[in-house]
1. Quick check on region 416-439. Is at least one of its residues surrounded by 21 or more Cβ atoms within 10 Å (Cβ to Cβ) and assigned to a helix (DSSP H, G or I)?
2. Would region 346-360 turn up any residue that is farther than 22 Å from E438 by Cβ and either within 16 Å of the ligand (Cβ to nearest atom) or out of contact with any Phe, Trp or Tyr (no Cβ under 7 Å at 6 or more places or on another chain) (or both)?
3. I'm checking my understanding of the structure. Among residues of region 369-384 that are touching a helix residue (DSSP H, G or I) at 6+ places or on another chain (Cβ under 6 Å) and in contact (Cβ under 8 Å) with a residue 24 or more places away in the chain, which one is farthest from P236 (Cα to Cα)?
4. Where the second residue is hydroxyl-bearing (S, T, Y) and part of a helix (DSSP H, G or I) and the first is closer than 23 Å to E259 by Cα and lies in region 201-228, which pairs have Cβ atoms under 7 Å and are six or more apart or on separate chains?
5. Given the criterion surrounded by fewer than 18 Cβ atoms within 10 Å (Cβ to Cβ), in contact (Cβ under 8 Å) with a residue 60 or more places away in the chain and over 18 Å from G87 (Cα atoms), identify the matching residue among A303, A275.
6. List the number of the failed condition for E108; all other conditions in (1) surrounded by fewer than 22 Cβ atoms within 10 Å (Cβ to Cβ); (2) within 16 Å of the ligand (Cβ to nearest atom) hold.
7. Which is within 30 Å of D249 (Cα to Cα), more than 16 Å from the ligand (Cβ to nearest atom) and not hydroxyl-bearing (S, T, Y), of F317, F309?
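Every number in this text was worked out from the coordinates using simple rules, so none of it is lab data. Predicted model only: the values in this text are computed from it and were never measured. No Cβ is skipped: glycine too gets one built from the backbone with ideal geometry, and neighbour counts run over all protein chains shown.
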Amino acid sequence: MTAAAARNNDTLTRHVVYPFANANFLAENPPICIEGGDGVYVSDGQGSRYLDGQAGLWNVNVGHGRPEIKQAIIEQLDRLSFYSTFGNTTNSPSVALADELCRLAAPEGMVRAFFSSGGSEANEAAIKLAKQYWRLAGEPLRTKIISLRGAYHGVTLGALSAGGVNVYKEQFTPLLPGFFQVETPHVYRNPFTSDPEALGRLCAELLEREIVYQGAGSVAAFMAEPVQGAGGVIVPPANFWPLLREVCDRHGVLLIADEVVTGFGRSGSMFGSRAWGVNPDIMVFAKGINSGYIPLGATLINAKVAAAFQSDDKSQFTPRAFMHGNTYAGHPLACAAAIANLRIVEQEELPANAGKVGAYLLARLKDIQKRHPNMGDVRGKGLMLGIEMVADPETKRPFDLAENFGQRIWERCVAKGVLIRNLADTFIISPPLTFTTEHADKIADTFDEAISAVE
Ligand code: PLP
């Protein structure tokens, strides 16, 4: 029996279908059942406490158990647990949150927010907003969506069709027509150049070639994450996003920034787009919007996009109504939690802290890399970091998956009280933004020990 199996009993795997997980593997290696959370720590109810190096799933940005958020949820629950926002009614937390989001993203030019229940739904809304925008703007042939290889935009069929990681897609083909992916500027793994600036230029050119090839008049939008997350924390060269904006502008294509992970501080700026100095047309949020206390997604649009949905027609269901919506859009408890959460993000200056502690942790990991040749690449921006393990550092050959190399390092980290996430042999570190350099040291030292033991 593995260490994990000893900690848990098999009831955890009897009836649950777990996302993205092999049931046979889980029967041997049951998940750790997290029962408690306090700040940057979580516990499993069996006496083990862990430093949360993954912030739940990149989302518990202000940390666990924040009394301010709990209080906001309770106060809202005392007033009203739910009411629909489908237009003939609404609720005040969703209205207040829309104001708040547009204030925070005013420098990016955002003027309206559409709510949903998570990142996939928020991206689905972004895709539909872009498509309907072009119908309303009198260019109904602009329907195609271009995105990046390696992108993760979620699991609903539109978001999945825009995704660029084949293992998530191949079981569900054929996916939606009209979605195309172009090369992502992956500095560590690309066949073109080791010069980041040249790579950023080249990948922007490849996007432009694709737009021209498809016919600019058929392309609705280009969507991308400011830093690719689930694709393995791929930080693009600094020139890439400004060039993307130029390419989109040259061809009238809308730019959608999927800020589900990068939104609200994780990459060291309030937004990932802001870190690159770029104003998108549509911004997509979830996760850090309320640190996961209650599911919530939001899709923001700028004045240009919003204007297309304005009508002189005063009837309730005009063709200019955005024809989309989920029951839980603007859920009052989720929005109340978000308002309290965003106050913490601003008051505690968490984007700046993520930048500072993230840079410290990146430097520590790069130092550790010098002693461990299997640490092929260490990369990151703010508190989103990736460590790609390779069997051969010269050729960058990955480990044979059957070796479970990443899993063995992960188990060592868990035994030492550190939770980080491994996607096969790439480790992702995305802790709460309240992390200190001492917490970063604990992660770095533990990873160092774990890899020494497994090597
Ligand atoms: N977009 C990005 C960049 C993500 O990382 C994720 C989830 O990890 C999603 C969208 C999908 O969000 P959700 O899982 O809330 O549907």
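1. Within region 416-439, one or more residues are surrounded by 21 or more Cβ atoms within 10 Å (Cβ to Cβ) and assigned to a helix (DSSP H, G or I).
2. Yes, there is a match, as at least one residue in region 346-360 is farther than 22 Å from E438 by Cβ and either within 16 Å of the ligand (Cβ to nearest atom) or out of contact with any Phe, Trp or Tyr (no Cβ under 7 Å at 6 or more places or on another chain) (or both).
3. H372
4. Filtered contacts from region 201-228: P226/S273.
5. Among A303, A275, only A303 is surrounded by fewer than 18 Cβ atoms within 10 Å (Cβ to Cβ), in contact (Cβ under 8 Å) with a residue 60 or more places away in the chain and over 18 Å from G87 (Cα atoms).
6. Failed condition: (2).
7. Matching residue, one of F317, F309: F309.
For every residue, the table says whether it meets (1) within 9 Å of the ligand (Cβ to nearest atom); (2) among the hydrophobic types (A, V, I, L, M, F, W, C).
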| site | (1), (2) |
| --- | --- |
| F114 | no, yes |
| G118 | yes, no |
| N123 | yes, no |
| L136 | no, yes |
| E139 | no, no |
| I145 | no, yes |
| G150 | no, no |
| H153 | yes, no |
| A162 | no, yes |
